[in-house]
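The values are calculated or read from the model by the stated rules, or taken from the named source; none is laboratory data. It should be emphasised that the depicted structure is a prediction, and the values quoted were computed from it without experimental measurement. Cβ placement follows ideal geometry from the backbone for every residue including glycine, while neighbour counts extend to all protein chains displayed. Accessible surface is based on the protein model in full, side chains and every heavy atom, while ligands, DNA and RNA are left aside. Shrake-Rupley method; radii C 1.70, N 1.55, O 1.52, S 1.80 Å.
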Amino acid sequence: MIRLVTHYAASYGKPNIIIRHFPDTESYVRLPATSLRGKNIVVYHRLYPEPDKRIFELLLILNTLKKQTKAIDLLIPYLPYARQDRENKSGEAVSADILCGVLKDSGVNNLITYDCHFLPGPGKFKRNGLMIENRSAGKELLAHARKFFKKSEFLVISPDEGSSYFTENAQGHALKKVRRASKATGEKTGIHADIHKIESKADVKGKNICILDDIISTGGTILRAIEHLKEKGAKKIIVGATHGVFAKENIEKHILDRSSGLFVTDSILKNPSISKIKILKLKA
Ligand code: R5P
């Protein structure tokens, strides 16, 4: 098995795929000069930040490799475009399906990724023809929470049913997100729809809480969850997520101001604006 690593995925091994950019920003890719004919290959790459550019670089890699071997596995810790996983409004592109189809057509046998948004939990799945091994960083996140709370007890809470599998090994609870309907269409399910409120029956009064989610993007979900848990009398709250996208300015600070700790994995190569955020390393 041969490991091919881009510099974006250097945490998984020594980079041996060259990626450069021409002055006009177009991408250039060169695979190692050794013959890869018929070999089993694993490609390690990251697709965030600048997902469009990273995806195109990946397509250059895969389509060059495809000429030499049919056995390509791909490890991408964070799969972007996964949240538009259905057509909410007629005519919308379902980017999750399109990306999976393109990776399959570019020769990927098996995609290994973490806490993929459109999958119900860890395991093996098929999406638009692409085999996906979805791993979860839940164990690593939970281990960090245990270290944080030392011997004190704590309750694990996921902010919605979609990420409730994070609570399964910890006998925790899932909250329920109620989205505000769009004034124009009454649409409630779009990924960018506002969260109106969060509901739950969990008894959190006087308890330490660890909120775990797959992704923090704008941070709206986490902030609402913190607010809800505080209103219900929670004691100390810490927040963990697999993918720290932090798409809104200063969102890390807002979360830290309202909680006792924030931790994410290194699935995304982005230096958080605050050094107080703990980054957990995912192992290959
Ligand atoms: C939702 O289904 C996910 O599990 C996350 O809670 C959500 O995508 C986070 O997005 P944001 O940070 O923008 O609220």
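Look through the stretch 4-63, keep the residues that are of a type in the set (A, V, I, L, M, F, W, C) and out of contact with any strand residue (DSSP E or B) (no Cβ under 8 Å at 6 or more places or on another chain), and return whichever of them is nearest to HIS243 (Cα to Cα).
LEU47
Kindly indicate whether any position in the stretch 52-63 is closer than 20 Å to SER217 by Cβ and in contact with a Lys or Arg (Cβ under 9 Å, 6 or more places away or on another chain).
The answer is yes; a qualifying residue exists.
Name the residues in the stretch 194-242 that are closer than 15 Å to LEU262 by Cβ, touching a Pro at 6+ places or on another chain (Cβ under 8 Å) and outside any helix (DSSP H, G or I), would you?
Result: ILE211, ASP213.
What is the number of the single condition among (1) without any contact (Cβ under 8 Å) to a residue 24 or more places away in the chain; (2) of a type in the set (Ser, Thr, Tyr); (3) open to solvent by less than 80 Å² (accessible area, probe 1.4 Å) that SER35 does not meet?
Going through the list (1) without any contact (Cβ under 8 Å) to a residue 24 or more places away in the chain; (2) of a type in the set (Ser, Thr, Tyr); (3) open to solvent by less than 80 Å² (accessible area, probe 1.4 Å), SER35 breaks only (1).
Quick check on this structure: which one of ILE237, ILE251 is away from the ligand (no atom under 12 Å from the Cβ) and crowded, with 20+ Cβ neighbours inside 10 Å?
The conditions single out ILE237.
Going by the conditions given, is ILE238 of a type outside the set (D, E, K, R) and over 21 Å from TYR78 (Cβ atoms)?
yes
Matching residues to (1) more than 28 Å from ILE279 (Cα to Cα); (2) open to solvent by less than 60 Å² (accessible area, probe 1.4 Å); (3) within 16 Å of the ligand (Cβ to nearest atom):
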position	(1), (2), (3)
GLU92	yes, yes, no
GLY107	yes, yes, no
THR113	no, yes, yes
ALA137	no, yes, yes
LEU142	no, yes, no
ALA145	no, yes, no
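Counting residues that are under 30 Å from ILE61 (Cβ atoms) and in contact with a strand residue (DSSP E or B) (Cβ under 6 Å, 6 or more places away or on another chain), which strands (runs of 3 or more DSSP E) fully inside the stretch 103-182 reach at least 1?
Numbers: elements: 108-114, 123-127, 130-135, 155-158, 176-179.
Passing ranges, in order: 108-114, 123-127, 130-135.
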